[in-house]
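To start, the structure under review is shown below, and the notes come after it.
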Amino acid sequence: MSRSGLLGFAACALFMAAHAGAQAAQEVTTLAGSGAAGIADGPAGKATFLFPYGVAVAADGSIYISDRAAQRIRILTPSGEVRTIAGSGPIASPGLIVRPGYRDGPALLAQFAGPEGLAIGPDGALYIADTYNHCIRKLWRGEVTTVARIDHPENLAFDTIGNLYIADDGTGLRKLGMDGVLTTIRFKSYSGQSARGVTIVNAPEELVVVGGLDGIVVYHPATGADEHFAGYTLEWPRAVPNQLAAIDARQFLFADPQAQNIRYVRLPVPPFVGRVFTRAIAGGEAERTTENAGYADGSRAQARFYDPMGIAVAGDRAIVADGGNRRIRELVLPDLRVSEAGAGAGTDANHYEVALAGDASIFADTIGADSICAHIETTFDRSRRFPKPVRCHTIAIDSGQPAALDQDIKSTVTGQHFNLVILDTQWRQYAASPNTDALRARVQGLLNVLTPLRTRLALVWDYPPQDVAFADAGLVLPPSPELTFDRSLTMEKALRDLPILQYDLYKDLVNYELRSDTQPLFTPPIVALPNPRGNAFLGDRIAAALLGAGLGLDF
């Protein structure tokens with residue numbers, strides 16, 4: 001967004017803050033909509049919607065809104081007023097819907113049938129995915145016209161030269177060229193036809209990113225190449241994206257009307273991060289998605305949504321069309337630690353550089369102060385043992401085989417400037433080697449690579465959550481404590497006298513579970529990913545244990 005757009009957007013936000021009092025400091029706030037069903041224009045807090053669906057933010061900070069059930073296009077101005085700018089018809093009785101229709105012409109007499117996605121064209125006009133009329137409409141200078149016939153258009157995005165890309169669910173990605181020619185983009189990496197959301201990324205090269213039920217496809221218009229990233233739909237609850245909104249070429253947001261939350265998704269960068277990572281950044285995370293639905297402003301964790309549909313990124317904030325709540329919401333984005341994703345920010349001699357290496361399902365969380373790496377940084381810095389600021393990077397390796405893990409670490413750290421590699425060895429295959437000689441040889445192989453680089457090695461012996469049980473299950477011991485004990489003896493014997501730092505999490509985890517006031521460190525249990533509490537527990541204890549073993553005293 002341009003500087004003038006950000007200023008306009010800020011003006012709108014300031015207006016709402018003046019009328020929302022204490023809400024101004026909250027991370028999720030309501031910009032418009034009383035929550036009542038209706039089609040009333042007026043002051044933002046009193047205006048009513050039927051089912052707001054799509055949003056687009058203009059350069060002056062105005063927010064365009066498609067009200068799908070009302071068959072209208074609305075605008076939230078920077079001064080805090082909601083106005084209808086296209087569409088007509090009364091609310092049908094009985095029911096909470098305006099009867100659909102189809103009519104071009106003067107904007108306030110035009111008719112729509114379920115308008116969904118919106119995009120502002122380089123010509124300044126507003127383009128509308130008129131989904132159930134199976135066409136793309138254009139609103140310009142008070143007139144509505146039809147520009148293309150499409151099977152089932154859901155969302156829209158313009159590239160820098162004026163081509164319009166259309167998520168046509170059931171057909172795939174379509175392109176409406178500046179010459180008016182409509183084409184279908186056939187992907188090489190993905191044969192499906194699910195296309196729910198589409199967004200454009202302009203740097204370092206222009207990319208078209210499509211989200212559907214089967215993952216994300218990144219299309220390179222300059223070369224015609226494409227990449228399919230499956231995996232984010234494997235989360236529990238199963239993620240169902242609506243519109244995508246780009247933060248940059250690897251990070252996106254989408255509204256998830258099934259899980260009733262707003263999700264962050266980050267694409268992989270092998271060999272550091274081998275799979276897609278996604279996490280809810282606002283709204284509930286209950287295993288039963290119906291428990292997430294509701295309406296609440298406040299912190300990102302406390303906020304609740306009901307059928308969030310459209311989403312747009314504007315600076316450090318996201319605008320959400322919260323359909324079921326009949327409101328337009330604003331979300332302050334968290335600090336996204338992109339430097340963790342494969343040392344994306346690079347390593348240098350000005351920091352004490354730490355690499356935290358392990359299973360991507362455990363170490364992929366890179367959202368702000370919640371992450372394990374962030375807690376390691378904080379604990380190390382507070383020790384005042386390091387002459388430089390500590391910077392932690394996650395190397396998330398998607399491999400269940402110890403030899404492959406070792407090889408990935410060797411190839412990753414070579415050419416980088418790491419002072420410390422912390423290897424989390426939570427896999428049973430790694431920790432329970434068939435014999436002590438094999439385990440010792442494996443670790444010695446890592447030392448042979450790291451030592452010439454003046455990089456220290458620390459091993460953290462971790463355990464799957466089921467081995468220490470969940471507090472709410474009433475269990476306090478692992479299913480096979482004898483196996484855990486035997487494994488510890490094997491590791492101790494194998495690694496005796498090697499120049500490494502070690503920390504076994506087992507006792508700390510079990511002691512945590514024994515506390516009467518314990519709360520789960522991993523949620524939801526079916527996926528067993530650390531929640532913010534778990535990230536703090538793991539990061540703080542790993543760092544404290546390594547400091548206790550003498551890390552930092554050699555400066």
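The values are calculated or read from the model by the stated rules, or taken from the named source; none is laboratory data. Please read these numbers as outputs of a predicted model, since none were measured by experiment. Every residue, glycine as well, gets a Cβ built from its backbone with ideal geometry; the counts of neighbours run over all protein chains shown. The accessibility values were calculated without ligands, DNA or RNA, using every heavy atom of the protein model including side chains. Shrake-Rupley method; radii C 1.70, N 1.55, O 1.52, S 1.80 Å.
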With the requirement that a residue be open to solvent by 50 Å² or more (accessible area, probe 1.4 Å) and touching a Pro at 6+ places or on another chain (Cβ under 8 Å), what does the stretch 191-205 give you?
none
Which numbered condition in (1) at pLDDT below 95; (2) surrounded by 13 or more Cβ atoms within 10 Å (Cβ to Cβ) is the only one that residue 188 fails?
(2)
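Pick from 105, 101, 95: which is among the small types (Gly, Ala, Ser), open to solvent by 10 Å² or more (accessible area, probe 1.4 Å) and modelled with pLDDT under 95? I'd like the intermediate steps shown before the answer.
Values: 105 fails: modelled with pLDDT under 95; 101 fails: modelled with pLDDT under 95.
So the residue among 105, 101, 95 that is among the small types (Gly, Ala, Ser), open to solvent by 10 Å² or more (accessible area, probe 1.4 Å) and modelled with pLDDT under 95 is 95.
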Of all residues in the stretch 173-185, which are polar (S, T, N, Q) and surrounded by 12 or more Cβ atoms within 10 Å (Cβ to Cβ)?
184
Pair list, Cβ under 6 Å, 6 or more apart: the stretch 107-123 residue assigned to a strand (DSSP E or B), other residue modelled with pLDDT under 95 and buried (at least 17 other Cβ atoms within 10 Å of the Cβ)
none
Just for the stretch 134-164: of the residues that are of a type in the set (Gly, Ala, Ser) and over 21 Å from residue 70 (Cβ atoms), which one is surrounded by the fewest Cβ atoms within 10 Å (Cβ to Cβ)?
162
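Determine which member of the set 279, 263 is basic (Lys, Arg), touching a Pro at 6+ places or on another chain (Cβ under 9 Å) and outside any loop (DSSP other than H, G, I, E, B).
Working: 279 fails: touching a Pro at 6+ places or on another chain (Cβ under 9 Å).
So the residue among 279, 263 that is basic (Lys, Arg), touching a Pro at 6+ places or on another chain (Cβ under 9 Å) and outside any loop (DSSP other than H, G, I, E, B) is 263.
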Filter result (more than 15 Å from residue 155 (Cβ to Cβ) and open to solvent by 20 Å² or more (accessible area, probe 1.4 Å)) within the stretch 113-133
122, 123, 124, 133
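Regarding residue 418, is this residue in a loop (DSSP other than H, G, I, E, B) and either open to solvent by less than 10 Å² (accessible area, probe 1.4 Å) or at pLDDT 85 or above (or both)?
On the way: in a loop (DSSP other than H, G, I, E, B): yes; either open to solvent by less than 10 Å² (accessible area, probe 1.4 Å) or at pLDDT 85 or above (or both): yes.
For residue 418, the condition - in a loop (DSSP other than H, G, I, E, B) and either open to solvent by less than 10 Å² (accessible area, probe 1.4 Å) or at pLDDT 85 or above (or both) - is met.
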Among the residues of the stretch 440-463 satisfying the criterion of being touching a Pro at 6+ places or on another chain (Cβ under 9 Å) and open to solvent by less than 60 Å² (accessible area, probe 1.4 Å), which is modelled with the lowest pLDDT?
463
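One line per residue, one yes/no per condition, for (1) of a type in the set (A, V, I, L, M); (2) buried (at least 17 other Cβ atoms within 10 Å of the Cβ); (3) modelled with pLDDT of 90 or more:
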residue	(1), (2), (3)
219	no, yes, yes
229	no, yes, no
232	no, yes, no
236	no, no, no
248	no, no, no
252	no, yes, yes
Failed item, numbered, when residue 427 is tested on (1) of a type in the set (Phe, Trp, Tyr); (2) surrounded by fewer than 18 Cβ atoms within 10 Å (Cβ to Cβ); (3) modelled with pLDDT of 65 or more:
(3)
Output the number of residues of the stretch 300-317 satisfying the condition of being surrounded by fewer than 23 Cβ atoms within 10 Å (Cβ to Cβ) and farther than 11 Å from residue 331 by Cβ.
6
For the stretch 207-217, state whether one or more residues are open to solvent by 10 Å² or more (accessible area, probe 1.4 Å), of a type in the set (D, E, K, R) and over 29 Å from residue 284 (Cβ atoms).
no
Which of the residues spanning the stretch 144-202 are within 24 Å of the chain's Cα centre (by Cα), closer than 23 Å to residue 122 by Cα and among the hydroxyl-bearing types (Ser, Thr, Tyr)?
165, 199
